[in-house]
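Visitor: Following this message is one structure expressed as structure tokens.
The values are calculated or read from the model by the stated rules, or taken from the named source; none is laboratory data. Just so you know, these numbers come straight off a predicted model, no measurement behind them. Please note: Cβ atoms are built from the backbone with ideal geometry, for glycine as well, and neighbour counts cover all protein chains shown.
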Amino acid sequence: METTIPSTKAHVTRDRLLAAVAVGVFLVFLWYADNHFSAYSIRILNNIAIFIILAASYNLINGVTGQFSLEPNAFVAVGAYTSAILTLSPQEKLASFIIEPMVWPLSVISVSFPVSLLAAGLVTAVMALLMAVPVFRVRGDYLAIVTLGFGEVIQVVANNIVSVTNGPLGLKGLTPHTNLWWSWGICIVTIFCIVRLVNSSYGRAMKAVREDETAAQAMGIDAFRIKTLAFTFSAFFEGVAGGLLAHLITTISPTLFTFLLTFHLLIIIVVGGLGSTTGAVIAAAVFTFGSEFLRVVEEPFSLYGFDYAGIPGMRMVILSMMLVVVMLFARRGIMGRSEFSWQWLFETAARVRRRIRSD
Amino acid sequence: MTDVVMRIDDLTVTFGGLTALSGLDMEIRKAEIVGLIGPNGAGKTTAFNTVTGIVKPERGTITFQGRDITGWKTPHIARTGIARTFQNIRLYDDLTVVENVMVAGHASISYSFLEALIGWGRFARDERQIRESAEYLLELMGLIDMARDKADSLPYGSQRKLEVARALALNPSLLLLDEPVAGMNPIETREFGELVVRLLDDFNLAIALIEHDMGFVMDVCHKIRVIDHGFPIAWGTPDEIRHDERVIAAYLGKE
């Protein structure tokens, strides 16, 4: 399960073929889900896709590059607002901006959903770039503090620049553009891009900076540029995910993007294994599904005559306990820093087959 | 004079009120191994850290291949052709052996991160080149069988060799080795000495090294610079240094 760079040409071709087949099978599943699943299940699938995008990109800066940051809620907010402002029609803007009318150029602009997603990504990436330049000039954990602060600032800004964000009222009545195809399509593209980047020389440089910054610099790696690249790159996808989220829930307000979102993602990438994209994907899926599944503990039920009243907020207690358990017994999370590879799958399958035959 | 690779003039480094290095002069020529010796705390590693831009000097100049590189940033200096190893081995522990060496190839890639996403053109060519040269260096260092192991799983001596391989992957003109044989047994030390001499010719290098193992220093070095408490006290061939009274006094104390 090593982070192998494929060994032979035949393996590369085989792995690409298998990846294409896997994606194909998954698309068939999506088509089936789209036509046969309940609206609730489809909603969960959409959530999973968005959380995978967020976790995989958050892991790039926190896990792969080793720069502790707390930015996702801020960047998701920026992406969500950008894309929502861009897709709302001028009539809708006129109707919902009741405290103060929207400022001129924004009040008449209305673009298609994909264009708004791209804009959401780019605006967020620019924000990240502006933050990265002062923060990465110096060494140390300033990134965590600055990004944490930025998350709070964004909420204050969203509440107060009423002529752009509609303030505490938020933006309502967005068209529910986000469907399984958009969310999973972008999810697959995101994973593809992140895996390609991590397996390139840029990815090796990021890991080298994580492992030993001084030694990385002594090998000619400009740590400032590499950290900025990782941060901006992950910001882009977090912004896009924000746009997807906005058009999934169709109503956004400043209170939606609290630090809790970042905390949730932090649990996901730590449980998945800091530095492992595979781990981030698995943990995001398990957690998003799990927190839906755990709704039962917040609702009353009776089991063998024992009546359980249901405690609101119990889900978060269980998820936090899971984090504690992982920290105590499996520090490196589900995957450690390993990645999934087809080679590993084949070798494991061969091992299992041998085991069965010898019994 | 044309074959001078690096010249250090009047290099002075202070940390707060403490003078770590004062007026260091030295010169390293092509195909030459220069030793930097002195008692503990003499400022040897500080000299290396200053040359590689980790520490900023108070005064003095460092000229590398005719260019004044004083005050340059560490990655820039590395890309210009000065590679180093560290006293307390600093590998990328969680990366594989081959990846450790390939990291140094980042300085030579021509593709942008967007091309890495698509994977066409220069990406494939550069990656193949980086991989091949890393494998060649591992072969040379006798580490090729461990290429896929994690760097921190290697035995001590192999980790030292891996650091040298990684430094060579930068394709340097000057190699700085900080206590390369510390912790090695006499046989390993002798083998390493032979390796260093071979590298000098094969890679068209100049080497500066810090070492406490005097047998090793006297064997491999062409010139030696002795420093004590930050001050340069002697410069010469191993024979001259061996009989220099100030050096003897610095190491053994005066009567």
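Visitor: Residues in the range A:182-215 that are in contact with a Ser or Thr (Cβ under 9 Å, 6 or more places away or on another chain) and either surrounded by fewer than 21 Cβ atoms within 10 Å (Cβ to Cβ) or away from chain B (no Cβ under 12 Å) (or both): how many?
Guide: 4
Visitor: Could you tell me which residue of the range B:71-117 is farthest from the other protein chains (Cβ to nearest Cβ), considering only residues that are of a type in the set (D, E, K, R) and more than 18 Å from the chain's Cα centre (by Cα)?
Guide: Let us first name the residues in the range B:71-117 that are of a type in the set (D, E, K, R), namely B:73, B:79, B:84, B:90, B:93-94, B:99, B:115.
From the residues that got through so far, the ones that are more than 18 Å from the chain's Cα centre (by Cα) too are B:93-94, B:99, B:115.
On the way: B:Asp93: 6, B:Asp94: 6, B:Glu99: 6, B:Glu115: 9 Å.
Among residues in the range B:71-117 that are of a type in the set (D, E, K, R) and more than 18 Å from the chain's Cα centre (by Cα), the one farthest from the other protein chains (Cβ to nearest Cβ) is B:Glu115.
Visitor: Which of the numbered conditions does A:Arg204 fail, given that it passes all the others? Conditions: (1) free of Cβ contacts under 8 Å to residues at least 60 places away in the same chain; (2) assigned to a loop (DSSP other than H, G, I, E, B); (3) in contact with an Asp or Glu (Cβ under 9 Å, 6 or more places away or on another chain).
Guide: (2)
Visitor: Restricting the range B:101-110 to residues that are without any contact (Cβ under 8 Å) to a residue 60 or more places away in the chain and within 30 Å of B:Asp152 (Cβ to Cβ), which is surrounded by the fewest Cβ atoms within 10 Å (Cβ to Cβ)? Walk me through it before giving the result.
Guide: First, the residues of the range B:101-110 that are without any contact (Cβ under 8 Å) to a residue 60 or more places away in the chain: B:106, B:109-110.
Subsequent filtering for residues that are within 30 Å of B:Asp152 (Cβ to Cβ) retains B:106, B:109.
Values: B:His106: 27, B:Ile109: 21.
For the range B:101-110, the residue satisfying everything is B:Ile109.
Visitor: Also, I was wondering about something else. Can you name every residue in the range B:161-201 that is away from chain A (no Cβ under 14 Å) and touching a residue at least 60 places away in the same chain (Cβ under 8 Å)? Give the steps one after another, and end with the answer.
Guide: Start the filter on the range B:161-201 by keeping residues that are away from chain A (no Cβ under 14 Å), which leaves B:161, B:179-201.
B:Glu179, B:Pro180, B:Ala182, B:Val196, B:Val197, B:Leu200, B:Asp201, listed by residue number.
Visitor: Something else: Consider A:Gly243 carefully, then state whether it is out of contact with any Asp or Glu (no Cβ under 7 Å at 6 or more places or on another chain) and either at pLDDT 95 or above or assigned to a helix (DSSP H, G or I) (or both). Reasoning before the result, please.
Guide: Numbers: out of contact with any Asp or Glu (no Cβ under 7 Å at 6 or more places or on another chain): yes; either at pLDDT 95 or above or assigned to a helix (DSSP H, G or I) (or both): yes.
Here the answer is yes, as A:Gly243 does meet what is asked.
Visitor: Can I ask one more? Only one of B:Asp93, B:Asp3 is under 28 Å from B:Leu195 (Cβ atoms), surrounded by fewer than 18 Cβ atoms within 10 Å (Cβ to Cβ), acidic (Asp, Glu) and assigned by TED's automatic domain parsing to the domain that holds B:Leu174. Can you tell me which? It would help to see each step written out before you state the result.
Guide: Working: B:Asp3 fails: assigned by TED's automatic domain parsing to the domain that holds B:Leu174.
Exactly one residue qualifies, and that residue is B:Asp93.
Visitor: Let me ask something additional. Take the residues in the range B:46-63 that are surrounded by 20 or more Cβ atoms within 10 Å (Cβ to Cβ) and within 14 Å of chain A (Cβ to nearest Cβ), then tell me which one is nearest to B:Ala104 (Cα to Cα).
Guide: Applying the first criterion (surrounded by 20 or more Cβ atoms within 10 Å (Cβ to Cβ)) to the range B:46-63 yields B:46-53, B:57, B:62.
Restricting the remaining residues to those that are within 14 Å of chain A (Cβ to nearest Cβ) gives B:48-53.
Values: B:Phe48: 19, B:Asn49: 18, B:Thr50: 20, B:Val51: 18, B:Thr52: 15, B:Gly53: 17 Å.
Per the stated criteria, the residue is B:Thr52.
Visitor: Output the number of residues of the range A:250-265 satisfying the condition of being out of contact with any helix residue (DSSP H, G or I) (no Cβ under 8 Å at 6 or more places or on another chain) and buried (at least 17 other Cβ atoms within 10 Å of the Cβ).
Guide: Here the count works out to 1.
Visitor: Now for a separate question. Identify the residue in the range A:1-48 that is assigned to a loop (DSSP other than H, G, I, E, B) and of a type outside the set (Gly, Ala, Ser) and, among all such residues, is modelled with the highest pLDDT.
Guide: Of all residues in the range A:1-48, those assigned to a loop (DSSP other than H, G, I, E, B) come to A:1-8, A:37-38.
If we keep only those that are of a type outside the set (Gly, Ala, Ser) as well, we get A:1-6, A:8, A:37.
On the way: A:Met1: 41, A:Glu2: 42, A:Thr3: 42, A:Thr4: 45, A:Ile5: 47, A:Pro6: 46, A:Thr8: 67, A:Phe37: 93.
Restricting to residues being assigned to a loop (DSSP other than H, G, I, E, B) and of a type outside the set (Gly, Ala, Ser), the top hit is A:Phe37.
Visitor: Please verify whether B:Thr19 is touching a strand residue (DSSP E or B) at 6+ places or on another chain (Cβ under 6 Å), in a strand (DSSP E or B) and under 30 Å from A:Val138 (Cβ atoms), treating the condition exactly as stated. Lay out the reasoning, then the answer.
Guide: On the way: touching a strand residue (DSSP E or B) at 6+ places or on another chain (Cβ under 6 Å): no; in a strand (DSSP E or B): yes; under 30 Å from A:Val138 (Cβ atoms): yes.
The answer is no for B:Thr19.
Visitor: Only one of these is at pLDDT 90 or above and part of a helix (DSSP H, G or I): A:Glu292, A:Glu238. Name it. Before you say what the answer is, go through the steps one by one.
Guide: Values: A:Glu292 fails: at pLDDT 90 or above.
Only one candidate qualifies: A:Glu238.
Visitor: Being surrounded by 13 or more Cβ atoms within 10 Å (Cβ to Cβ), at the interface with chain A (Cβ under 9 Å from one of its Cβ atoms) and not in a helix (DSSP H, G or I), is that true of even one residue in the range B:118-134?
Guide: Looking for residues that are surrounded by 13 or more Cβ atoms within 10 Å (Cβ to Cβ), at the interface with chain A (Cβ under 9 Å from one of its Cβ atoms) and not in a helix (DSSP H, G or I), one finds at least one in the range B:118-134, hence yes.
Visitor: Which one is nearest to A:Leu86 (Cα to Cα) among residues in the range A:215-246 that are touching a helix residue (DSSP H, G or I) at 6+ places or on another chain (Cβ under 8 Å) and without any contact (Cβ under 8 Å) to a residue 24 or more places away in the chain?
Guide: Step one: of the range A:215-246, the residues touching a helix residue (DSSP H, G or I) at 6+ places or on another chain (Cβ under 8 Å) are A:215-223, A:226-246.
From what's left, without any contact (Cβ under 8 Å) to a residue 24 or more places away in the chain: A:215-222.
On the way: A:Ala215: 45, A:Ala216: 42, A:Gln217: 42, A:Ala218: 45, A:Met219: 44, A:Gly220: 42, A:Ile221: 39, A:Asp222: 37 Å.
Of everything passing the filter in the range A:215-246, A:Asp222 is nearest to A:Leu86 (Cα to Cα).
Visitor: Of all residues in the range B:203-255, count the ones that are surrounded by fewer than 18 Cβ atoms within 10 Å (Cβ to Cβ) and more than 20 Å from B:Gly43 (Cβ to Cβ).
Guide: Number of matching residues: 15.
Visitor: Looking at (1) out of contact with any helix residue (DSSP H, G or I) (no Cβ under 6 Å at 6 or more places or on another chain); (2) outside any helix (DSSP H, G or I); (3) away from every other protein chain (no Cβ under 14 Å); (4) farther than 28 Å from B:Thr63 by Cβ, which is the one condition that is false for B:Arg148?
Guide: Here B:Arg148 meets the rest and fails (3).
Visitor: Sticking with this one: Is it the case that the range A:216-228 has a residue that's touching a strand residue (DSSP E or B) at 6+ places or on another chain (Cβ under 7 Å) and at the interface with chain B (Cβ under 10 Å from one of its Cβ atoms)?
Guide: Residues of the range A:216-228 touching a strand residue (DSSP E or B) at 6+ places or on another chain (Cβ under 7 Å): A:218.
Of the ones still in play, those that are also at the interface with chain B (Cβ under 10 Å from one of its Cβ atoms) are A:218.
Within the range A:216-228, one or more residues are touching a strand residue (DSSP E or B) at 6+ places or on another chain (Cβ under 7 Å) and at the interface with chain B (Cβ under 10 Å from one of its Cβ atoms).
Visitor: Separate question: What do you reckon, is A:Phe287 touching a residue at least 60 places away in the same chain (Cβ under 8 Å) and not small (Gly, Ala, Ser)? First the steps, then the outcome.
Guide: Values: touching a residue at least 60 places away in the same chain (Cβ under 8 Å): yes; not small (Gly, Ala, Ser): yes.
The answer is yes for A:Phe287.
Visitor: Something else about it: Only residues in the range B:50-68 that are touching a residue at least 24 places away in the same chain (Cβ under 8 Å) and more than 13 Å from B:Leu24 (Cβ to Cβ) count as the first member; pair them with residues that are assigned to a loop (DSSP other than H, G, I, E, B) and charged (D, E, K, R), Cβ under 7 angstrom, at least 6 apart or cross-chain, and list the lot.
Guide: B:Gly53/B:Lys73
Visitor: Another question about this same structure. Can you find a residue in the range A:64-74 that is under 30 Å from A:Val164 (Cα atoms) and loosely packed, with under 15 Cβ neighbours inside 10 Å?
Guide: Initial filter on the range A:64-74 (under 30 Å from A:Val164 (Cα atoms)): A:69-74.
With loosely packed, with under 15 Cβ neighbours inside 10 Å added as a condition, the list becomes none.
No: zero hits.
Visitor: Would you check which residues across the range A:49-73 are among the aliphatic types (A, V, I, L, M) and at pLDDT below 95 and list them?
Guide: Listed by number, the list holds a single entry, A:Leu70.
Visitor: Output the qualifying pairs, or none if there are none: Cβ atoms under 9 angstrom, residues six or more apart or on different chains, first residue in the range A:184-195 and in contact (Cβ under 8 Å) with a residue 12 or more places away in the chain, second residue among the polar types (S, T, N, Q).
Guide: That search, which allows pairs on different chains as well, returns A:Trp184/A:Asn46; A:Thr190/A:Ser57; A:Ile191/A:Thr277; A:Ile194/A:Ser57; A:Ile194/A:Asn59; A:Ile194/A:Ser234; A:Ile194/A:Thr277; A:Val195/A:Thr277.
Visitor: Is it the case that the range A:95-116 has a residue that's of a type in the set (Val, Ile, Thr) and within 25 Å of A:Leu266 (Cβ to Cβ)? Can you show your working first?
Guide: Taking the range A:95-116 as the starting set, the residues that turn out to be of a type in the set (Val, Ile, Thr) are A:98-99, A:103, A:108-109, A:111, A:115.
Next cut, within 25 Å of A:Leu266 (Cβ to Cβ) only: none.
No, the range A:95-116 contains no residue that is of a type in the set (Val, Ile, Thr) and within 25 Å of A:Leu266 (Cβ to Cβ).
Visitor: Hey, any hits in the range A:118-125 for a residue that's within 23 Å of A:Ile85 (Cα to Cα) and not hydrophobic (A, V, I, L, M, F, W, C)?
Guide: Yes, some residue in the range A:118-125 is within 23 Å of A:Ile85 (Cα to Cα) and not hydrophobic (A, V, I, L, M, F, W, C).
Visitor: Let me ask something else. Keeping to the range A:126-178, report how many residues are of a type in the set (Val, Ile, Thr) and surrounded by 15 or more Cβ atoms within 10 Å (Cβ to Cβ). So that I can check it myself, show each step before the final result.
Guide: As a first pass, look at the range A:126-178 and keep what is of a type in the set (Val, Ile, Thr): A:126, A:133, A:135, A:138, A:145-147, A:153-154, A:156-157, A:161-162, A:164-165, A:175, A:178.
Now restrict to residues that are surrounded by 15 or more Cβ atoms within 10 Å (Cβ to Cβ): A:126, A:135, A:146-147, A:154, A:157, A:162, A:164-165, A:178.
Going through the range A:126-178 one residue at a time, the tally reaches 10.
Visitor: Could you tell me how many of the residues in the range B:22-49 are charged (D, E, K, R) and either in contact with a helix residue (DSSP H, G or I) (Cβ under 6 Å, 6 or more places away or on another chain) or in a strand (DSSP E or B) (or both)? It would help to see each step written out before you state the result.
Guide: Taking the range B:22-49 as the starting set, the residues that turn out to be charged (D, E, K, R) are B:25, B:27, B:29-30, B:32, B:44.
Next, from what is left, pick out any that are either in contact with a helix residue (DSSP H, G or I) (Cβ under 6 Å, 6 or more places away or on another chain) or in a strand (DSSP E or B) (or both): B:25, B:27, B:29.
So the answer is 3.
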